[in-house]
Amino acid sequence: MKKIIVAIIAIMLTSSLFASDVKATKAEKKLASDMRVMLDSIVDMQKAGFYDDVRVIKKATDRLIVSLDSLLAVDPASYLPKEQKHAGKFAKKREKMIRMYANDLLESLEAKQYDDVIENYNQIIRQCYSCHLRIRRR
């Protein structure tokens, strides 16, 4: 009897997990995927910076910029709680700032202004952190 009850509970939990995944739209799934790409890009930028690998920094920064588009494709009000429905404007502003700092980073890299590259990288991290702090904190 205990095995049957445990099996029923396991099925209910599993079905609720699948149901929550079904609720996510295609755009939201792409956003989640692109967020992972953005994180990987930032990590790659940092690693390449330690080894002075300009090619990898450029490649990772370009990957970050391309991934930013999905931040504009999904309306955060569709998946955020009601009290955060206006956070979409904040997220869109962060996207613009990240894009600006990433482009500045590439320009500074070309000009071999490495202090500016580091400052732009720090600003990108700051933008990401501020958005995650506001939107993901529930």
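Gain on full extension, evaluated as 0.36 nm per residue between residue 40 and residue 53 minus their Cα-Cα distance, stands at 3.1 nm. The accessible area of residue 106, taken with all protein chains in place and a 1.4 Å probe, comes to roughly 30 Å².
When 39, 105 are compared by accessible area at a 1.4 angstrom probe, the order from most to least is 39, 105. In the assembled protein chains, residue 114 presents an accessible area of approximately 100 Å² (probe radius 1.4 Å). Taking all protein chains as they are arranged and a probe of 1.4 Å, the heavy atoms of residue 36 leave approximately 140 Å² accessible to solvent.
Largest first, the residues 95, 110, 28, 119 sort by 1.4 Å accessible area into 110, 119, 28, 95.
The values are calculated or read from the model by the stated rules, or taken from the named source; none is laboratory data. Just so we're clear, the structure is a prediction, and the values are computed from it rather than from any experiment. Just so you know, the surface numbers come from the protein's heavy atoms only, side chains and all, with ligands and any DNA or RNA stripped out. Shrake-Rupley method; radii C 1.70, N 1.55, O 1.52, S 1.80 Å.
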